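Read the structure below first, then the notes.
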Amino acid sequence: MNAQQIDELETTHPSWPASNTKKKGGVTWRCKSCHGWDYKGVDGKYGAGSYKTGISGVIHMQGVNPDKIVTIIRDKTHQYTDKMISDDLALRIGFFIARGLHDTDAYIDRNSGKTNGSAARGARVFQNICAACHGFQGTKLDWGEEDDHAYVGTEANANPWEVLHKIRNGHPGHEMVSLRPLPMDISVDVLTYARTLPEK
């Protein structure tokens, strides 16, 4: 299954806590819905709000053998079968969690969402790489509906944790460049610049 197919699931994940009645269906099967875009679960941004579950993050799994993470993905709590997530993809997720996470608190203020990168440096990267799809003002792609726009600037200000994750890793099922081969500070610079782009 791809991310879109998971989102379209009608059943709520069996381990989704009954205390959270705000979310149901496919979204409850997404890793980020419990563990957060900051990878910290209850100890991070998802300690409150519509995604509050009381579930721990995955940040503490850094350095763990990826095979062990695959076993966890398949266990009775997570229940991801090989039809939902292939063995190859499960192992890739294992490697990502074991070796690919970053501490978002080092780059994004948890309360304000303010980032500590350089917008000037980020502008150079954005205009040379990201603008090919997003446009020079970041408004070429719009995830909103009618007059309720959702551009790069909109998303970067509303959820910088998610946007940093996608800058670093791309967006599943979409042709988005991953900046992971570049130093982390470059991604933070791009995020910082993105927060200066039009939101509406």
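Quick look at the values:
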quantity: Verdict on S56 being touching a Ser or Thr at 6+ places or on another chain (Cβ under 8 Å), surrounded by 13 or more Cβ atoms within 10 Å (Cβ to Cβ) and of a type outside the set (F, W, Y); calculated: no
quantity: Helices (runs of 4 or more DSSP H) wholly inside the range 55-164 that include at least 3 residues being in contact (Cβ under 8 Å) with a residue 24 or more places away in the chain and farther than 20 Å from V42 by Cβ; calculated: 66-74, 87-99, 119-125, 152-158
quantity: Close pairs (7 angstrom Cβ cut-off, 6 or more residues apart or separate chains): on the phi > 0 side of the Ramachandran plot in the range 174-200, in a helix (DSSP H, G or I) and surrounded by fewer than 22 Cβ atoms within 10 Å (Cβ to Cβ) anywhere; calculated: none
quantity: Within the range 23-79, tally of residues that are hydroxyl-bearing (S, T, Y) and over 22 Å from L164 (Cβ atoms); calculated: 3
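Read-outs throughout are calculated quantities, based only on the coordinates presented, and are distinct from any laboratory measurement. None of these values were measured; they are calculated from a predicted model. Note that each Cβ is placed from the backbone with ideal geometry, even for glycine, and that neighbours are counted across all protein chains shown.
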